[in-house]
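Here the structure comes first, spelled out in structure tokens, and everything after it is commentary.
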Amino acid sequence: MTPQLTDFIHSLLIRGGWLLLVIFLDLILGVTVALKQHAFRWAKLADFLGDYGPKVIAWLGLECLGLLPPDLKLIAGIGNALGMGAYALILLSAAASVLGHVQAIGVLPVSIPGVPPTNKTSK
């Protein structure tokens, strides 16, 4: 195995591990909120996987562009940037969902002191 491939797999495993941890927390907390609100349905678990599955596969595909041969380094560099961007978006959206679930459970306050509440009524 080449050092480049070893480094690629190592960084992918580290980032993938963190992503799986946050997605797992989102799943557990989402189920907890649904049980608390008496709205749990098994079909929603498939929707959950259907939501994250394509995002993670697309991220992995963009990351694999970094394995292109040296004569295609420009495309590989763009792929690395897009891969990091996709990873960040997935991680941040999963973290926001986790925080929303924690707020729905009642651990976090519904309103933050010093921040005016947003008006959710449509005009």
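Here are the numbers:
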| item | result |
| --- | --- |
| Prolate/oblate/rounded call for segment 50-109, Cα gyration tensor, a/c under 1.5 rounded | prolate |
| Sparse-neighbour loop sites [trypsin sites (Lys or Arg not before Pro); segment 1-72; at most 15 other C-beta within 10 Å; DSSP] | Arg41 |
| Pairwise FRET efficiency - Trp42 versus Ala95, Cβ, R0 = 22 Å, nearest 0.05 | 0.30 |
| Residue-averaged [θ]222 nm for the chain, counting only DSSP H segments that reach four residues, each worth -39500 (n - 2.57) | -26000 deg cm²/dmol |
| Longest site-free stretch - the chain; sites: chymotrypsin sites (Phe, Trp or Tyr not before Pro), DSSP loop, at most 14 other Cβ within 10 Å | 43-123 |
| Linear extension gain, Trp18 paired with Val107, 0.36 nm per residue minus alpha-carbon span | 29.8 nm |
| Whole-percent pair-distance distribution, where bins are 5 Å wide, for the alpha carbons of the chain | 2, 10, 14, 17, 14, 13, 11, 8, 6, 4, 2, 0 |
| Unit charges on C-beta of K, R, D, E only; dipole of the chain, Debye | 500 |
| Three-way shape call for segment 12-60 based on the alpha-carbon gyration tensor, with the a/c threshold at 1.5 | oblate |
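Computed from the coordinates by the stated procedures, all read-outs in this text should not be read as laboratory data. It should be emphasised that the depicted structure is a prediction, and the values quoted were computed from it without experimental measurement. As a convention, Cβ positions derive from the backbone with ideal geometry for all residues, glycine included, and neighbour counts pool all protein chains shown.
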